[in-house]
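Colleague: Supplied in structure tokens, the structure appears directly below.
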Amino acid sequence: MSRAVEPSVADDPNPTPDLTLAGLVHDLNNVFETISEAAELVSGDPQSRALAQAIHRSVDRGRRIVGLYVEQSRSGPELDLVVERAATFLQDFLTHMPGTRVKVIRKVPAGLRLQGEPSDWERVFMNLFLNAAQAMKENGGGEIEVVARSADGSVELLVSDNGPGIPDAILGKIFKPRFSTRSKHGGLGLHIVHTIAQQCGGTVRAENRKDSAGALFTITAPVA
């Protein structure tokens with residue numbers, strides 16, 4: 001049976017602009033500044049001085065938390081956590097696909113980080129997982145395996161399944177926007193995967209497994 005490229009709930013033909021980290025930090029700092037100025041105003045009242053000091057301490061704590069988050073984001077998302085979140089999302093999604101059970105096998109070393117935003121890489125794995133699950137649903141599900149290995153400043157990510165595989169006739173088309181064998185309204189999932197991988201300085205290719213039935217996606221990305 002031929003594998004079909006199915007749209008997923010992670011696809012959005014009209015996405016709203018993402019709230020960037022830089023914009024979020026800027027807005028939060030403005031909020032902190034406003035709160036700090038308000039605390040300064042009430043600090044002149046002896047009865048409110050202790051409250052004003054507590055507010056200043058809370059503002060400082062908030063600024064430290066934001067600063068810590070920025071530093072962690074600059075160091076890149078932890079791959080094992082990204083894959084875990086995507087696998088959890090898949091299990092939630094499968095509640096809407098009765099009779100389909102998919103096991104995600106993760107072979108990802110702890111502490112491995114990629115360049116880019118965590119949310120972007122979550123979208124990559126969510127779309128790959130959903131695409132595989134939808135391809136395997138006619139057989140009641142199957143297994144998805146994620147293997148990561150690093151070398152020479154890059155990470156090779158292998159995402160495979162034991163579904164029907166990808167017909168040779170469409171292998172060169174599956175990353176094109178809106179290409180789908182099932183729905184004229186879908187076809188963005190794998191295009192999103194391809195686009196994000198490129199934006200993060202990586203590459204992605206698709207093929208059929210040589211050792212057994214199923215598809216294999218190989219992503220090469222820089223280490224953070």
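The values are calculated or read from the model by the stated rules, or taken from the named source; none is laboratory data. Because the structure is a prediction, the values reported are computed rather than measured. Because the Cβ atoms are built from the backbone with ideal geometry, glycine has one as well, and the counts that use them run over all protein chains shown. Calculation scope for accessible area: heavy atoms of the full protein, side chains included, ligands and nucleic acids excluded. Shrake-Rupley method; radii C 1.70, N 1.55, O 1.52, S 1.80 Å.
Colleague: Quick one: which residue in SER154, SER150, SER119, SER183 is among the hydroxyl-bearing types (Ser, Thr, Tyr), farther than 29 Å from THR95 by Cα, open to solvent by 30 Å² or more (accessible area, probe 1.4 Å) and at pLDDT below 90? Please lay out each step first, then the result.
Modeller: Values: SER154 fails: at pLDDT below 90; SER119 fails: farther than 29 Å from THR95 by Cα; SER183 fails: farther than 29 Å from THR95 by Cα.
Being among the hydroxyl-bearing types (Ser, Thr, Tyr), farther than 29 Å from THR95 by Cα, open to solvent by 30 Å² or more (accessible area, probe 1.4 Å) and at pLDDT below 90 holds for just one of SER154, SER150, SER119, SER183, which is SER150.
Colleague: With the checklist (1) in contact with a strand residue (DSSP E or B) (Cβ under 6 Å, 6 or more places away or on another chain); (2) without any contact (Cβ under 8 Å) to a residue 24 or more places away in the chain in hand, flag the one item GLY172 doesn't pass.
Modeller: With respect to (1) in contact with a strand residue (DSSP E or B) (Cβ under 6 Å, 6 or more places away or on another chain); (2) without any contact (Cβ under 8 Å) to a residue 24 or more places away in the chain, GLY172 is out only on (1).
Colleague: Which numbered condition in (1) in a helix (DSSP H, G or I); (2) closer than 24 Å to ALA22 by Cα is the only one that GLY76 fails?
Modeller: It fails just one condition, (1).
Colleague: Based on what the data block shows, is SER73 at pLDDT below 85, farther than 28 Å from LEU216 by Cα and surrounded by 11 or more Cβ atoms within 10 Å (Cβ to Cβ)? Break it down into steps so the answer makes sense when it comes.
Modeller: Values: at pLDDT below 85: yes; farther than 28 Å from LEU216 by Cα: yes; surrounded by 11 or more Cβ atoms within 10 Å (Cβ to Cβ): yes.
So SER73 passes the test.
Colleague: Sticking with this one: Let me confirm something: among GLY99, GLY142, which residue is farther than 14 Å from PHE217 by Cβ and open to solvent by 30 Å² or more (accessible area, probe 1.4 Å)? Steps first, answer last, please.
Modeller: Details: GLY142 fails: open to solvent by 30 Å² or more (accessible area, probe 1.4 Å).
Answer to the selection: GLY99.
Colleague: Could you list all residues from the range 206-224 that are outside any strand (DSSP E or B) and closer than 15 Å to GLU117 by Cβ? Please lay out each step first, then the result.
Modeller: Going residue by residue through the range 206-224, those that are outside any strand (DSSP E or B) are 209-214, 224.
Matches in the range 206-224: ALA224 only.
Colleague: Also, quick follow-up: If you scan the range 186-205, which residues turn out to be surrounded by fewer than 21 Cβ atoms within 10 Å (Cβ to Cβ) and in a strand (DSSP E or B)?
Modeller: THR203, ARG205
Colleague: Let me ask you something else. Output the qualifying pairs, or none if there are none: Cβ atoms under 7 angstrom, residues six or more apart or on different chains, first residue in the range 137-161 and closer than 11 Å to ARG106 by Cβ and in contact (Cβ under 8 Å) with a residue 24 or more places away in the chain, second residue of a type in the set (Lys, Arg) and surrounded by 13 or more Cβ atoms within 10 Å (Cβ to Cβ).
Modeller: VAL146/ARG106
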